[in-house]
Structures are given as structure tokens and as C-alpha cells.
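Throughout, read-outs are computed from the coordinates displayed, never taken from laboratory work. Worth saying up front: this structure is predicted, and the values here are computed from it rather than measured. Counting neighbours? That spans all protein chains shown, and the Cβs are built from the backbone with ideal geometry, glycine included.
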Amino acid sequence: HQSASRSASGVGAGFVPTVVGVAILGLSAALMVQIARGRLGQADEAEGDVDVRRTQWVPLAICMAAVLVFIVGVEPLGYVIVSSIVFWLTAWALGARHIVRTAIIAVVLSLAVYLAFTRLLDIYLPAGVLGF
């Protein structure tokens, strides 16, 4: 494992992701407070007949499970396999019902991202069992 690179100012590659992560956590906490106070906002006209006041727990649970699959599986199985599974699960949870087409898109996108990062940017993602 290599240590993070730092510039002369001491700001390294992890600085911006850390700032963004802290900002997301802060905004999430503020949003939870607003929801707890009963301030749910108004539905946009584009949402049509969708009841935005009810949480869809099953799709939410599937998306959370997909994130856990990625966290646990990316090192042993590899980026392409795990991100394909995560893409497919997330798409299915959000309403995609063309199982085979969604799976093909998931594999193609995952492979394209993997190749773009590893071949073009020299940022190596876990290859896992495929051993690219």
C-alpha cells in the first residue's frame, strides 16, 4: 500500500473527497432534522401520481444491500463483477424489468469503466478473480 501523495502545501489526494464526505454527512443530518420536524417539502409536478410521502422500503433495502455487496466483494471478486452486480441490483430496485438487457448494460458499463481507469488513467481497480 502506497502512502497518499501530498503537495508542498500538505494537501493530498484525499483532501477533496474528505471535504465532500463531511459536507454530505452534514447535509444529511440537517435533512434528517427537517424531516423529524415534519417539513417534508412539496412534491414536484413532474412526480405525477407518485406518493412521495411514503418510503419505498424494499427498493431502499435492495440498494443498501447492493452497496454492501460492493464493499464486501470488490477486493475478492473484482471491480467488473461486483459493479455489474451492483448496477443490475440497483436498476432492478428502481424499476428496470428487462433483466437480460439490464445485465448486458451492467457488464458493458462496468468493463468500460474498468478499462478506462486502468488503461487510460493508470488507476488500477481490483481485478479480482478475472485477473485482467
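Say R0 is 25 Å: what FRET efficiency, to the nearest 0.05, do V19 and L120 get from their beta-carbon distance?
Calculated value: 0.40.
Only residues of the stretch 10-40 count here: report those whose backbone N is under 19 Å from the spot 7 Å along Cα→Cβ of L60, or say none.
Label zone hits: 25-40.
Starting from a Cα-only point model with no solvent, please compute log10 I(q)/I(0) by Debye for the stretch 64-132 at q = 0.14 1/Å.
Cα-only, vacuum Debye calculation for the stretch 64-132: -0.41.
With θ taken as phi - 60° and the coefficients 6.51, -1.76 and 1.60, list the Karplus ³J(HN,Hα) couplings across the stretch 71-79 in order, rounded to whole Hz; mark glycine and proline as x.
4, 7, x, 5, 6, x, 8, x, 4
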